[in-house]
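Below is one structure, written out as structure tokens; the observations come after it.
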Amino acid sequence: MRHRIAVVGSGPAGLTFARVLHRHGYGHAVTILERDSAPDARPPGGTLDLHAGLGQLALEKAGLTADFQALSRPEGQAMRILSPDGTVLRDWRPGPEERANPEIDRGQLRDLLLGPLDVRWGRGVTQVVPGARGGARIVFADGRQETYDLVVGADGASSRVRPAVSPVTPHYTGVTSVETSLDDVDRRHPDLARLIGDGSLAVYGVNRALVAQRNSGGHVKVYAQFRAPLDRQAADAGTETIRSSLLALFDGWAAPVLELLHHGTAFIRRPLYVLPVSHTWPHTPGVTLLGDAAHLMPPLGAGANLAMLEGAELAESLATDPDDLDDAVRAFEERMWARATRWAQLTTAGLERLVSPDPAQALALFDEVQPS
Ligand SMILES: Cc1cc2nc3c(=O)[nH]c(=O)nc-3n(C[C@H](O)[C@H](O)[C@H](O)COP(=O)(O)OP(=O)(O)OC[C@H]3O[C@@H](n4cnc5c(N)ncnc54)[C@H](O)[C@@H]3O)c2cc1C
């Protein structure tokens with residue numbers, strides 16, 4: 001390939017893009033720029049379920065299906081739903097052949113995609129400026145600049161590449177999620193381990209929900225989600241202050257469920273932001289976006305899947321017709337926008353029902369989407 005391509009961000013979108021180009025023999029053409037100083041510079045986040053027609057398809061395009069099957073946890077698809085008083089409302093377990101949405105730890109997925117790729121760590125991008133005749137110039141945090149034929153913004157929710165093509169910024173959904181975690185749960189908290197089971201446990205109340213998800217190695221991530229006005233000062237609150245406010249918010253819920261908050265370690269507050277449902281932009285030669293940078297949506301199990309499939313598809317189109325860069329990007333964007341709009345509609349409606357004044361909505365949504 002005669003073009004020089006940079007991808008900004010080594011999340012699921014950027015790495016899948018680079019890995020599929022690598023598989024097609026164009027690894028040399030893409031430079032991966034990542035702000036983090038190393039792959040393990042920060043905790044990788046919770047488990048991801050990869051859907052058969054989305055994330056798993058992307059891994060197939062990268063030639064990584066067998067490796068994924070070896071690492072993933074089909075049993076992690078299990079889902080138990082309780083009412084706030086602790087009554088079991090649903091207890092779904094996957095059959096032995098059920099592989100529609102197996103779980104994989106984010107760190108494992110990252111390492112799988114990284115494989116032979118060469119990432120330039122510690123290369124935070126501050127700005128991208130499209131060229132008058134195509135191509136784009138990247139400005140780095142240290143002031144240095146580089147020019148590429150195509151810059152792919154795969155730099156997530158607070159993308160620094162997005163302003164090169166779109167003035168739109170994410171807005172608050174009205175729902176805040178507070179994340180905490182428990183380690184070595186089978187040994188240290190066996191009762192909680194049994195309550196959570198092999199996959200996820202969810203409890204839905206009025207305008208609030210508690211979700212616990214098992215990761216590998218006995219690690220559990222817990223998400224407390226609730227409707228609340230945006231509170232920027234709360235981001236600075238300490239662990240015990242957040243724990244107490246959550247225990248007050250979930251007061252009256254069954255004691256075993258509240259143990260998830262009593263035993264949680266660090267608490268991270270994440271107000272949930274989204275881009276508008278049909279976020280598009282005027283096609284801009286030299287720059288495009290993938291994943292959350294293009295279509296940040298509520299975290300209901302689609303974002304990483306879409307990011308990966310988009311990365312794979314853009315890479316495939318560039319590899320199939322390496323001379324016609326701009327046409328390939330333009331066609332890709334049309335396809336991405338159409339699919340992302342459908343998922344943004346689904347996940348936006350889903351968040352309304354999962355953190356809702358009527359908890360029966362969450363149960364009804366589960367019954368609609370869960371395989372029988
Ligand atoms: C709690 C939670 C649970 C979720 N669960 C699921 C799930 O089960 N399934 C699912 O499909 N999705 C899930 N999602 C959504 C998923 O995490 C995102 O949609 C996905 O990570 C997006 O991938 P990305 O590559 O576009 O962006 P990111 O994963 O955000 O990666 C962006 C990368 O760019 C880097 N970067 C950022 N800025 C710069 C810069 N200026 N210069 C250079 N590098 C930069 C970052 O360090 C990062 O490595 C969940 C999200 C949350 C919050």
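Residues in segment 151-178 that are within 11 Å of A294 (Cβ to Cβ) and away from the ligand (no atom under 12 Å from the Cβ) were compared, and the one that is surrounded by the most Cβ atoms within 10 Å (Cβ to Cβ) is V165.
Could you tell me whether R35 is basic (K, R), more than 30 Å from E75 (Cα to Cα) and within 11 Å of the ligand (Cβ to nearest atom)? Taking the combined requirement at face value, the residue satisfies it. Applying the condition of being open to solvent by 50 Å² or more (accessible area, probe 1.4 Å) and either under 30 Å from R4 (Cβ atoms) or over 18 Å from the mean Cα position of the chain (by Cα) (or both) to segment 30-64 and asking which residue is modelled with the lowest pLDDT yields P44.
Selection of first residues in segment 50-78 that are assigned by TED's automatic domain parsing to the domain that holds A315 and of second residues that are aromatic (F, W, Y) and buried (at least 19 other Cβ atoms within 10 Å of the Cβ), restricted to Cβ pairs under 6 Å at least 6 apart or on distinct chains, gives the following pairs, ordered by first then second residue: L59/F68.
The set of residues from segment 196-230 being farther than 25 Å from I104 by Cβ and assigned to a strand (DSSP E or B) comprises Y204, G205, R208, F226, R227.
Going by the structure shown, is V20 more than 6 Å from the ligand (Cβ to nearest atom), touching a residue at least 24 places away in the same chain (Cβ under 8 Å), open to solvent by less than 30 Å² (accessible area, probe 1.4 Å) and outside any helix (DSSP H, G or I)? So V20 does not fit the description; no. Only residues that are at pLDDT 95 or above and basic (K, R) were counted in segment 254-269, giving 0. Each residue in segment 278-305 was checked for being among the hydrophobic types (A, V, I, L, M, F, W, C) and open to solvent by 50 Å² or more (accessible area, probe 1.4 Å), and 1 pass.
Is there a residue being within 30 Å of G286 (Cα to Cα), surrounded by fewer than 20 Cβ atoms within 10 Å (Cβ to Cβ) and touching a strand residue (DSSP E or B) at 6+ places or on another chain (Cβ under 7 Å) anywhere in segment 209-216? Checked against the condition, which is being within 30 Å of G286 (Cα to Cα), surrounded by fewer than 20 Cβ atoms within 10 Å (Cβ to Cβ) and touching a strand residue (DSSP E or B) at 6+ places or on another chain (Cβ under 7 Å), segment 209-216 yields no hits at all.
For W121, the conditions (1) within 12 Å of the ligand (Cβ to nearest atom); (2) surrounded by 20 or more Cβ atoms within 10 Å (Cβ to Cβ); (3) not basic (K, R) are fulfilled apart from (2).
If you go through segment 141-150 and keep only what is more than 25 Å from the chain's Cα centre (by Cα) and open to solvent by less than 60 Å² (accessible area, probe 1.4 Å), you end up with G143, E146, Y148.
Is it true that L275 is at pLDDT 95 or above, buried (at least 20 other Cβ atoms within 10 Å of the Cβ) and within 16 Å of the ligand (Cβ to nearest atom)? Yes: the conditions hold for L275.
For segment 278-296, a residue qualifies if it is within 15 Å of the ligand (Cβ to nearest atom) and either part of a helix (DSSP H, G or I) or in contact with a Ser or Thr (Cβ under 8 Å, 6 or more places away or on another chain) (or both), and the qualifying residues are H279, L289, D292, A293, A294, H295. Screening Q361 on (1) part of a helix (DSSP H, G or I); (2) open to solvent by less than 50 Å² (accessible area, probe 1.4 Å); (3) among the polar types (S, T, N, Q); (4) closer than 30 Å to D91 by Cβ shows it passes everything except condition (2).
Within segment 328-351, the set of residues being buried (at least 17 other Cβ atoms within 10 Å of the Cβ) and either of a type in the set (D, E) or in a loop (DSSP other than H, G, I, E, B) (or both) comprises just one member, E333. When segment 300-327 is limited to residues that are within 15 Å of the ligand (Cβ to nearest atom) and in a loop (DSSP other than H, G, I, E, B), the one that is modelled with the lowest pLDDT turns out to be G301.
Among residues of segment 70-110 being among the polar types (S, T, N, Q) and farther than 23 Å from A13 by Cβ, the one that is most open to solvent (accessible area, probe 1.4 Å) is T87. Evaluating P282 against the criteria (1) closer than 17 Å to S159 by Cβ; (2) touching a helix residue (DSSP H, G or I) at 6+ places or on another chain (Cβ under 9 Å); (3) of a type outside the set (D, E) leaves one unmet condition, (2).
Looking across G303, G252, one residue alone is closer than 28 Å to P167 by Cβ and among the small types (G, A, S). It is G303.
The values are calculated or read from the model by the stated rules, or taken from the named source; none is laboratory data. Since this is a predicted model, take the numbers as computed values, not measurements. For neighbour counting, all protein chains shown are included, and Cβ atoms are generated from backbone atoms with ideal geometry for every residue, glycine included. These area figures cover heavy atoms from the full protein model, side chains too; ligands, DNA and RNA do not enter into them. Shrake-Rupley method; radii C 1.70, N 1.55, O 1.52, S 1.80 Å.
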